[in-house]
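K.L.:
Before I ask anything, let me first share the structure, which is written out below as structure tokens.
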Amino acid sequence: MKNRILLKINKGVIPVFVVFFVAFFLLYATFSMNGGENNSYTRLSEMKVDVKHEDGTVDSFDSNMFNFQSKNDKITMHLPLDEKLKKENQSINFFFYASVVKAYYKDKLLVSYGEDVKRHMIGHLKILIPVPMEAYGDEIRVEIQPTMDFMEDTFHFPVLMPIQNALFFPVLGKETSFSFFYMVLIGTFFAIAFLACQYFLQDYAKEGFWMMILINSIIAWYMGNTGMIYAVNANEDFNAIVEYIGMYMLFFSAPLFASYETVRPFVKKYLRFMGKLLSGVFALCLILYLLPTGYTFVKYLRIAQGIQIVMVFSALLSLLFPGKKAANMAEYIMQYGLIFVSLFGILEQIRIICATKITEDFPPILRWFAAAPFSRWLLYMLVLTFLSSYAFKVSNVVQKTLEEKNLKILAYTDNLSAMGNRQYLQRKLDILDKSRNRDYAVIFMDINDLKYTNDHFGHEEGDHLIRMVSSSIKKAMDNMSGFYGRNGGDEFLSVLIPANKATEVAKQINANLQKTKEEEKPVFPVSLSLGIANYREVEEERRFSGLEMISSSDVIRKADARMYEDKCVHKKKHPLVS
């Protein structure tokens, strides 16, 4: 039974994974073919950067590993273009964070970014500089005026590539990561919708709902923060809003999801209270942004970032120390997966802190560390940990539910006839009495000569007779409203709703039994005595006697009496057998 249950679950999961990976491959192939060819772009690693400080001093760098000290510093990048790179419709592409960026060829302004940013105010600017043909053999000069007192992250080399392929610059060299994260982002939207429909129907859906929102928010924040969203929509505001909404959604999704994993009462209450409170804060901020209030998500950005750190850290601690020992595969995956997530998280925080200080003068290992994609590895591990742990948890829940249902079915099923047993009939009759339904009839049946068959032909033949009768009853009750079962021994019961179908069904039962007898030609006698009674006639009889309250047991008693009369007739016709 266990293997069958797991097989059913696996059969349902396999198509989902197949569709996911096919879509993932197609998306990856699309981005690889449309912008990822190595011969279609060139990293401009031969660059010079001058950082002029307020006091007039200048720091010069010969690579992308530079930094600045104040928003009053002025950064000038010199990007030489070799004559061999000369092609039409080329562009220089790079990201820079929260700055005003202007590009010149000699004294001619080619493009300007960051001066007219209305809503998101700060964020990753995607810079695209069209290269004039006369610039080859010379240089492009880029002047940058920061709006922050520190460098947000390591600057990556500018890339020279065809303008028509510039859409793919944000995912250049990261096609696999983008394909994976984009598929997860879209997949979580569908999962959120599905689990929302199941939220109050299945226990596992609640935890899954908040987990999917958490994954969705983390991926949205990361793709906005790294500029990957530009590959989906080139609008600067859109990119920044996706990043900020993802960050704000982390406020409540992280604690609410973690509250389902911990068993510590105080921690659970704290996480759920903060999650509900901050979900209200998110809804309020979203409404204020959509309305013409002038509110922006960065108005209290530092406070928001502080809340994000506290909530994510609280959720992570509760997940790492849930107050229980790992008892199954889902819990082991969650426990050990989050250890690696925490490790990558610590490394990423150290990298961010150190990256703005590390320049070209530092040893190669530190320059590698400053550019290492720890955040990307963290997200891979986080998504795989959450999804695989939840998959095992759902598998366990489904398996347990199916086993419980199977046990319940066995408890209410007669093994010999494969029909409902006495407990099943009693349960259904109780429900019928509570429904106050007055339009039903009972067929009470008793197998004739079962004891004779057992005594003279053996119990195996007696069991065969029972199965013949039960099969005849099942066929007659197909497409009929009501229920039926074996009352025990040689007795069977059928309840028909409405009552006017009872006579038709009784005739069909006898016809089915006669047909089976003719087909199988058993050595033992085959016949059935039955009696029919309906609620309304019993109600009339009781009312005539001055008794008003009746139940299904009174109707069964009436049908049983009529069955006994039919059995007496049978005995008179077959005295030798009986």
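K.L.:
Which residues, taken from region 348-366, are in a helix (DSSP H, G or I), open to solvent by 70 Å² or more (accessible area, probe 1.4 Å) and not aliphatic (A, V, I, L, M)?
P.N.:
Taking region 348-366 first, the residues in a helix (DSSP H, G or I) are 348-355, 364-366.
Still in the running and open to solvent by 70 Å² or more (accessible area, probe 1.4 Å): 349-350, 353, 364-365.
Answer for region 348-366, where residues must be in a helix (DSSP H, G or I), open to solvent by 70 Å² or more (accessible area, probe 1.4 Å) and not aliphatic (A, V, I, L, M): GLN349, PRO364.
K.L.:
Filter region 309-334 down to residues that are part of a helix (DSSP H, G or I) and open to solvent by less than 30 Å² (accessible area, probe 1.4 Å) and give me whichever is farthest from SER253 (Cα to Cα). Give the steps one after another, and end with the answer.
P.N.:
Taking region 309-334 as the starting set, the residues that turn out to be part of a helix (DSSP H, G or I) are 309-320, 329-334.
Restricting the remaining residues to those that are open to solvent by less than 30 Å² (accessible area, probe 1.4 Å) gives 311, 314-315, 318-319, 330, 334.
Values: MET311: 9, SER314: 12, ALA315: 9, SER318: 14, LEU319: 13, ALA330: 20, MET334: 17 Å.
Restricting to residues being part of a helix (DSSP H, G or I) and open to solvent by less than 30 Å² (accessible area, probe 1.4 Å), the top hit is ALA330.
Results for (1) in contact (Cβ under 8 Å) with a residue 60 or more places away in the chain; (2) outside the structural domain of ASP82 (by the TED database); (3) under 21 Å from ASN89 (Cα atoms), shown as yes or no for each residue.
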site	(1), (2), (3)
GLU139	yes, no, yes
THR154	yes, no, no
PRO158	yes, no, yes
VAL184	yes, yes, no
CYS197	no, yes, no
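K.L.:
Now for a different question. Enumerate the helices (runs of 4 or more DSSP H) found wholly within region 367-463, keeping only those where 3 or more residues are in contact with an Asp or Glu (Cβ under 9 Å, 6 or more places away or on another chain) and closer than 30 Å to ASN225 by Cβ. Spell out the reasoning first.
P.N.:
Working: elements: 374-411, 422-435, 450-457.
Those helices (runs of 4 or more DSSP H) span 374-411.
K.L.:
Somewhere in region 202-213, is a residue at pLDDT below 90, within 23 Å of SER375 (Cβ to Cβ), among the β-branched types (Val, Ile, Thr) and buried (at least 19 other Cβ atoms within 10 Å of the Cβ)?
P.N.:
Checking region 202-213: not a single residue is at pLDDT below 90, within 23 Å of SER375 (Cβ to Cβ), among the β-branched types (Val, Ile, Thr) and buried (at least 19 other Cβ atoms within 10 Å of the Cβ).
K.L.:
Still on this structure, I have one more. Count, please, the residues in region 215-232 that happen to be open to solvent by 10 Å² or more (accessible area, probe 1.4 Å) and more than 15 Å from SER179 (Cα to Cα).
P.N.:
3
K.L.:
Of everything in region 416-461 that's of a type in the set (Asp, Glu) and out of contact with any helix residue (DSSP H, G or I) (no Cβ under 8 Å at 6 or more places or on another chain), which residue is surrounded by the most Cβ atoms within 10 Å (Cβ to Cβ)? Even if it seems obvious, please write down each step before you answer.
P.N.:
To start, the set of residues in region 416-461 that are of a type in the set (Asp, Glu) comprises 430, 433, 439, 446, 449, 455, 460-461.
Cutting the leftovers down to out of contact with any helix residue (DSSP H, G or I) (no Cβ under 8 Å at 6 or more places or on another chain) gives us 430, 449, 455, 460.
Numbers: ASP430: 12, ASP449: 21, ASP455: 11, GLU460: 9.
Filtering first and then ranking leaves ASP449.
K.L.:
Let me ask something else about it. Please pick out the residue among SER494, SER470 that is touching a residue at least 24 places away in the same chain (Cβ under 8 Å), of a type in the set (Gly, Ala, Ser), in a helix (DSSP H, G or I) and buried (at least 17 other Cβ atoms within 10 Å of the Cβ). Before the answer, list the steps.
P.N.:
Details: SER494 fails: in a helix (DSSP H, G or I).
From the options SER494, SER470, the qualifying one is SER470.
K.L.:
Another question, then. For the condition exposed (fewer than 12 other Cβ atoms within 10 Å of the Cβ) and part of a helix (DSSP H, G or I), what is the one hit in GLY345, GLY337, GLY294, GLY306?
P.N.:
Details: GLY345 fails: exposed (fewer than 12 other Cβ atoms within 10 Å of the Cβ); GLY337 fails: exposed (fewer than 12 other Cβ atoms within 10 Å of the Cβ); GLY294 fails: part of a helix (DSSP H, G or I).
Selected residue: GLY306, the only one of GLY345, GLY337, GLY294, GLY306 that is exposed (fewer than 12 other Cβ atoms within 10 Å of the Cβ) and part of a helix (DSSP H, G or I).
K.L.:
Just one of the numbered conditions (1) over 27 Å from THR296 (Cα atoms); (2) open to solvent by 10 Å² or more (accessible area, probe 1.4 Å) is not true of ALA258; which one?
P.N.:
(2)
K.L.:
Something else: So, of the residues in region 71-91 that are open to solvent by 60 Å² or more (accessible area, probe 1.4 Å) and part of a loop (DSSP other than H, G, I, E, B), which turns out to be modelled with the lowest pLDDT?
P.N.:
LYS71
K.L.:
Any idea which of (1) open to solvent by 20 Å² or more (accessible area, probe 1.4 Å); (2) assigned to a helix (DSSP H, G or I); (3) closer than 25 Å to MET381 by Cα is the one ALA196 doesn't satisfy?
P.N.:
Tallying (1) open to solvent by 20 Å² or more (accessible area, probe 1.4 Å); (2) assigned to a helix (DSSP H, G or I); (3) closer than 25 Å to MET381 by Cα, ALA196 fails exactly one: (3).
K.L.:
For GLY482, state whether it is modelled with pLDDT of 90 or more and under 47 Å from the mean Cα position of the chain (by Cα).
P.N.:
Against the criterion (modelled with pLDDT of 90 or more and under 47 Å from the mean Cα position of the chain (by Cα)), GLY482 qualifies.
K.L.:
Sticking with this structure for a sec: Step by step: first the residues of region 261-276, then only those that are open to solvent by 50 Å² or more (accessible area, probe 1.4 Å), in a helix (DSSP H, G or I) and in contact (Cβ under 8 Å) with a residue 12 or more places away in the chain, then the one that is farthest from TYR244 (Cα to Cα). Which residue is that?
P.N.:
Of the residues in region 261-276, the ones open to solvent by 50 Å² or more (accessible area, probe 1.4 Å) are 263-266, 268-270, 272-273, 276.
Those still in the list that are in a helix (DSSP H, G or I) too: 265-266, 268-270, 272-273, 276.
This time we only want the ones that are in contact (Cβ under 8 Å) with a residue 12 or more places away in the chain, so: 270, 272, 276.
Working: TYR270: 25, ARG272: 22, LYS276: 19 Å.
Applying the filter and picking the extreme gives TYR270.
K.L.:
Please work out which residue is least open to solvent (accessible area, probe 1.4 Å), limiting yourself to region 43-65 and to residues that are among the small types (Gly, Ala, Ser) and touching a residue at least 40 places away in the same chain (Cβ under 8 Å). Walk me through how you get there before you give the answer.
P.N.:
Residues of region 43-65 among the small types (Gly, Ala, Ser): 45, 56, 60, 63.
Next, from what is left, pick out any that are touching a residue at least 40 places away in the same chain (Cβ under 8 Å): 45, 63.
Details: SER45: 54, SER63: 20 Å².
Here the answer is SER63.
K.L.:
Let me ask something else. Given PHE68, PHE96, which one is in a loop (DSSP other than H, G, I, E, B) and buried (at least 18 other Cβ atoms within 10 Å of the Cβ)?
P.N.:
Working: PHE96 fails: in a loop (DSSP other than H, G, I, E, B).
On inspection, the qualifying residue turns out to be PHE68.
The values are calculated or read from the model by the stated rules, or taken from the named source; none is laboratory data. All values derive from a computational prediction rather than experimental measurement. Cβ sites come from the backbone with ideal geometry, for glycine too, and all protein chains shown count toward neighbours. All accessible areas refer to the heavy atoms of the entire protein, side chains included, with ligands and DNA or RNA removed. Shrake-Rupley method; radii C 1.70, N 1.55, O 1.52, S 1.80 Å.
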